[in-house]
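Have a look at the structure below before the remarks.
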């Protein structure tokens, strides 16, 4: 996300979208998906219960936006879309890495205390 944010700050919105997509790829690999295609890797995360519902939809939307940036077309990525991509990616990463761990800690503590 550091490179995505740096691209955004330099007004390189298409590059920011591509870096967000790359971040999603890294997250999928780190989460143990064996799929090469990002579309399938995100589906695997959904199927494994790591993301659901709207988070899956967000991740797919980020993938599509990243594809738009990665493949030559007449359509560039807008500042607004790049800003949303950064926000949504950060929310997704927080869910996977921060909130999930906090919830698991909470559950463990509740089970240990007998509540």
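The values are calculated or read from the model by the stated rules, or taken from the named source; none is laboratory data. Source: prediction; values computed, not measured. All Cβ positions, glycine included, derive from the backbone under ideal geometry; neighbour counts span all protein chains shown.
Only residues that are out of contact with any helix residue (DSSP H, G or I) (no Cβ under 7 Å at 6 or more places or on another chain) and over 12 Å from residue 82 (Cα atoms) were counted across the stretch 11-28, and they come to 2. Just to be sure before I move on: is residue 69 assigned to a helix (DSSP H, G or I), closer than 30 Å to residue 11 by Cα and modelled with pLDDT under 90 in the structure I sent? So residue 69 fits the description; yes. In the stretch 82-93, the residues that are in contact (Cβ under 8 Å) with a residue 12 or more places away in the chain and at positive phi never reach a residue that is surrounded by 15 or more Cβ atoms within 10 Å (Cβ to Cβ) and in a helix (DSSP H, G or I) with C-beta atoms less than 9 angstrom apart, at least six apart or across chains.
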